[in-house]
Amino acid sequence: MALFNFLSNDLAIDLGTANTLIWMKGKNIVLNEPTIVAYEKNSKEIIAIGHDAKDMLGRTHKDIAIIRPLRDGAIADFEITEGFLKALIRKVSNSWQPARRIVVCVPSGITEVEKRAVRDSCEHAGAKEVHLVAEPMASAIGVGLDVHESTGNMIVDIGGGTTEIAVISLSGIVESESIRIAGDEMTDAIVNHFRRKHNLLIGDKTAEGIKCAVGSAVPLEIETTIEVKGRNISQGRPEQIMTSSVDIREALSDPIAQIVSAILSVLERVSGEIASDIYDRGIILTGGGALLNGLDERIRKETSLAVHIGDDPLTAVVRGTGKILENLNDYSSVLIKSTRY
Ligand SMILES: Nc1ncnc2c1ncn2[C@@H]1O[C@H](COP(=O)(O)OP(=O)(O)OP(=O)(O)O)[C@@H](O)[C@H]1O
Ligand SMILES: [Mg+2]
């Protein structure tokens, strides 16, 4: 039995809209790839996934489509999502020992049909037992919160497609909100800002790079200038313009205001007891969006609460899901109840 356990390929998966991470039982994180798929349009045959598919962006011909199957926190294409999951699972599993048990983390806002699709995909990839867990619950466990205790904790996971705000106590989600405004919307806001204000068409990759390098949510001690290249829309020619971190902050102001307002609205709904817990403990931020310069400070200012960024915010969810997998008995109460029909 011990040998069987040692050989087992039980997996914990963070199926994110931007990045998918896999934790293998006893082995920590074994895979971290963008949630991107390249496939042949006619046959729907998958050609590449993850980094390989991302590298193909902008370099394919018309018969190949490259998509992010989970963009915006919902499953856009079931068939492709299943193919993606199966290919990843195959990549990390030994062929002679398929994953027997899989714990998958899903956005808390996904529908029953989408949950069913994720469950089925894992089963089709060979899993005998599939458990689902809500993203904010997994990130709370990942940053080391004791989710079983009778104290309220507020966690805000700002990913690519969704911002999940949850208050957790006694192994359950007491109050939550999931909005489809997160890192991708910040990137889109930068693209739109350049189009409208600077008459310049820039790519998503460029916009994401600008966001990570000079994006901010509060005025900076030293504001910087940057050069941005794109296509001048009216002249139709490549062009380079100079702009500043102040301008980029203006571009980001709308999505950031929406995230702050969702946090405030969850705070308004909690009970007095839980409000007092959150006052003592503050808010914990996870997800890649938490890395935006000054976002923690901005939330601190707007809520008058302490705000902490969890350790290694990009891997918090998979580490939490991994912890659940390693201690399934202790964490059975945090799993999403099965809705088999
Ligand atoms: N330094 C940074 N500054 C700002 N944004 C960042 C930074 N690093 C990563 N991001 C953003 O974080 C997002 C990805 O975060 P993450 O991997 O947590 O998302 P995800 O888990 O795939 O998505 P979701 O949780 O919504 O399903 C992207 O939008 C990315 O641009
Ligand atoms: Mg995530």
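The values are calculated or read from the model by the stated rules, or taken from the named source; none is laboratory data. Not measured: the values here are computed from a predicted model. For neighbour counting, all protein chains shown are included, and Cβ atoms are generated from backbone atoms with ideal geometry for every residue, glycine included.
As a summary of the residue check, V156 satisfies the conditions (1) touching a helix residue (DSSP H, G or I) at 6+ places or on another chain (Cβ under 9 Å); (2) over 27 Å from T286 (Cβ atoms) except for the one numbered (2). Selection of segment 168-192 for residues being in contact (Cβ under 8 Å) with a residue 40 or more places away in the chain, under 20 Å from I141 (Cβ atoms) and in a strand (DSSP E or B) yields S169, G172, I173, V174, E175, S176, E177, S178. Considering segment 9-57, the qualifying strands (runs of 3 or more DSSP E), each wholly inside and each with 1 or more residues that are within 11 Å of ligand 1 (Cβ to nearest atom) and surrounded by 14 or more Cβ atoms within 10 Å (Cβ to Cβ), run over 11-15, 19-24, 28-34.
Restricting segment 175-185 to residues that are modelled with pLDDT of 95 or more and hydrophobic (A, V, I, L, M, F, W, C), the residue that is surrounded by the fewest Cβ atoms within 10 Å (Cβ to Cβ) is I181.
Cβ-Cβ contacts under 6 Å between residues 6 or more apart (or on different chains), taken from a first residue in segment 305-325 that is buried (at least 22 other Cβ atoms within 10 Å of the Cβ) to a second residue that is modelled with pLDDT of 95 or more and among the polar types (S, T, N, Q), are listed as G310/T286; P313/T286; A316/S139; A316/T286; V317/S139; G320/S139. Could you tell me which of the residues L285, L264, L252 is at pLDDT 95 or above and surrounded by fewer than 19 Cβ atoms within 10 Å (Cβ to Cβ)? Sole residue among the options that is at pLDDT 95 or above and surrounded by fewer than 19 Cβ atoms within 10 Å (Cβ to Cβ): L264.
Test P219 against the criterion of being more than 16 Å from ligand 2 (Cβ to nearest atom) and in a loop (DSSP other than H, G, I, E, B), and give yes or no. Criteria met by P219. Looking at D296, D311, just one residue is within 16 Å of ligand 1 (Cβ to nearest atom) and out of contact with any Leu (no Cβ under 9 Å at 6 or more places or on another chain), and that residue is D311.
Under the condition of being among the polar types (S, T, N, Q), over 18 Å from V191 (Cβ atoms) and touching a helix residue (DSSP H, G or I) at 6+ places or on another chain (Cβ under 9 Å), which residue from segment 213-235 is surrounded by the most Cβ atoms within 10 Å (Cβ to Cβ)? Restricting to residues being among the polar types (S, T, N, Q), over 18 Å from V191 (Cβ atoms) and touching a helix residue (DSSP H, G or I) at 6+ places or on another chain (Cβ under 9 Å), the top hit is T224. Would you call P238 loosely packed, with under 13 Cβ neighbours inside 10 Å, within 30 Å of I179 (Cα to Cα) and more than 16 Å from ligand 2 (Cβ to nearest atom)? In short, no. Go through segment 227-246 and report how many residues are under 25 Å from A217 (Cβ atoms) and either touching a residue at least 40 places away in the same chain (Cβ under 8 Å) or not in a strand (DSSP E or B) (or both). Residues in segment 227-246 being under 25 Å from A217 (Cβ atoms) and either touching a residue at least 40 places away in the same chain (Cβ under 8 Å) or not in a strand (DSSP E or B) (or both): 4 in total.
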